[in-house]
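The values are calculated or read from the model by the stated rules, or taken from the named source; none is laboratory data. It should be emphasised that the depicted structure is a prediction, and the values quoted were computed from it without experimental measurement. Neighbour counts are summed over all protein chains in view; Cβ atoms, including those assigned to glycine, are modelled from backbone coordinates with ideal geometry. Areas reflect the complete protein model, heavy atoms only, side chains present, ligands, DNA and RNA absent. Shrake-Rupley method; radii C 1.70, N 1.55, O 1.52, S 1.80 Å.
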Amino acid sequence: MKIKLLYWIKLTAANLALFLFLLLMSEGILRLMGKRYVYQRTYPSQFANRSFVSDTNIVKVSWPKEDSTLGWVCSKLNRINFSNKLNNQKLISYTINDEGFRNSQNFPTVPQKCTKRRIMLLGDSFLFGVYLPDTSTISYLIQKEIGQNTDVFNMGIPGWGIDQMYLTYLKYNVRLRPNIVILFFIDDDIARVLESYRRAEGMNKPSFKVENSQLVLRIDDQPGMIENTLASSVLLNPIYRWILKMKSMKISSMILEKLYRETQENHQQLLIVRIPRFENYMIPETNEWYRMDLSSFAGKERVIDLYDDFKKMPPEKVHGLYLHDGHFSQTGAELAAEKVIGLLNHY
């Protein structure tokens, strides 16, 4: 019996050693072939805020303004330039209020008894309307159509994830007292909930983790040894990315479910709008968001997936919905606004 046990222990050890040897050899071959890129999740306090330091030798962008709760909002500049140099040449008017959002006026403090209907729009650069004039944004088009006795607040900021949208609701809910909250998201906003840092502009951001089945802000969260191994390996990185993709969907679903519960408690209506990227249309299998079953808590009638409309259109028409950098054109914003206005007629 002891001889058999010893035999199996030696066999297992030998197979494990062989497996590790093959892993290391494969890793080395991939690196020799020049395959260096690996995705690594960012963590709190890992990087300094490059965009918000006084050091003039550091390359930084000017459009964002630091916000201690939300990460960043938009600066109030006479001329705002985003990443696309060609589109920056257009004479675009970005009207930014004191809070850093694209609205013509500062946000009021709404009294408890107010006869006006108020709609809070949460989102990213598509809702903000990068490279679109003020009068072509989704928020403006909705305000123009439903007009009287309704105030529409554009709370979309470029680069935001679903986590920052939720925190915006928490920050401004009592002040604005919205009757309706509409969250616009693209699939990238799901992945952004994993990050504590936006590399493109060099900005730290808030993010959540799941701890004891609860959402908790990441403060001193750090990667473990296994995660470090998966993150730094060219060979194992696809497994690491897949694990984090599943985690991002879980965190995003929990955030949206929490937002739904809180809007219900505050006697508000929550509507959710998914904006497809052009690549989602061209490559249908990239529509991964379906793993988030939003209808389980929000109800199918409260969720709009614009992809359902886009896939019925010919490619040349869908092309017209986007600028060449992938953001909405005026036509795209008009279509999104039209769908939302149709939904608002029921609320």
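Screening Arg79 with (1) open to solvent by 10 Å² or more (accessible area, probe 1.4 Å); (2) within 22 Å of the chain's Cα centre (by Cα); (3) of a type in the set (D, E, K, R) gives one miss only, at (2). Among the residues of segment 230-245, those identified as part of a helix (DSSP H, G or I), touching a helix residue (DSSP H, G or I) at 6+ places or on another chain (Cβ under 8 Å) and either under 12 Å from Gln40 (Cα atoms) or not charged (D, E, K, R) (or both) are Leu230, Ala231, Asn237, Ile239, Tyr240, Ile243, Leu244.
Report the residue count in segment 89-107 for those that are over 23 Å from Met165 (Cα atoms), surrounded by fewer than 17 Cβ atoms within 10 Å (Cβ to Cβ) and touching a residue at least 12 places away in the same chain (Cβ under 8 Å).
Keep residues of segment 89-107 that are over 23 Å from Met165 (Cα atoms), which gives 89-93.
Filter again for surrounded by fewer than 17 Cβ atoms within 10 Å (Cβ to Cβ), leaving 89-91, 93.
Of the ones still in play, those that are also touching a residue at least 12 places away in the same chain (Cβ under 8 Å) are 90, 93.
Adding up the residues that qualify gives 2.
Residues satisfying the criterion are absent from segment 303-317 (criterion: part of a helix (DSSP H, G or I), modelled with pLDDT of 90 or more, open to solvent by less than 30 Å² (accessible area, probe 1.4 Å) and touching a strand residue (DSSP E or B) at 6+ places or on another chain (Cβ under 7 Å)). Within segment 199-207, is even one residue buried (at least 21 other Cβ atoms within 10 Å of the Cβ) and assigned to a helix (DSSP H, G or I)? No.
The set of residues in segment 162-209 being out of contact with any helix residue (DSSP H, G or I) (no Cβ under 9 Å at 6 or more places or on another chain) and at positive phi consists of Arg177 alone.
Okay, residues lined up against (1) open to solvent by 100 Å² or more (accessible area, probe 1.4 Å); (2) aromatic (Phe, Trp, Tyr); (3) at pLDDT 85 or above; (4) under 23 Å from Gly100 (Cβ atoms):
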residue: Phe19; (1), (2), (3), (4): yes, yes, no, no
residue: Met25; (1), (2), (3), (4): no, no, no, no
residue: Arg31; (1), (2), (3), (4): no, no, no, no
residue: Arg41; (1), (2), (3), (4): no, no, yes, no
residue: Asn57; (1), (2), (3), (4): yes, no, no, no
residue: Pro64; (1), (2), (3), (4): no, no, yes, yes
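What about Ile146, is it at pLDDT below 95, surrounded by fewer than 22 Cβ atoms within 10 Å (Cβ to Cβ) and over 18 Å from the mean Cα position of the chain (by Cα)? So Ile146 fits the description; yes. Scanning segment 330-347 for residues that are touching a residue at least 24 places away in the same chain (Cβ under 8 Å) and in a loop (DSSP other than H, G, I, E, B), we see that the one that is farthest from Gly156 (Cα to Cα) is His346.
Residues that are touching a strand residue (DSSP E or B) at 6+ places or on another chain (Cβ under 6 Å), on the phi < 0 side of the Ramachandran plot and not β-branched (Val, Ile, Thr): which strands (runs of 3 or more DSSP E) entirely in segment 31-149 hold 3 or more of them? Let's see the steps before the verdict.
Values: elements: 64-67, 71-74, 117-123.
Output list reads 64-67, 117-123.
The residue pairs whose first member lies in segment 187-198 and is touching a residue at least 40 places away in the same chain (Cβ under 8 Å), whose second member is of a type in the set (A, V, I, L, M, F, W, C) and in a strand (DSSP E or B), and whose beta carbons are closer than 9 Å, counting only pairs six or more residues apart or on different chains, are Val193/Phe208; Tyr197/Met203; Arg198/Trp72.
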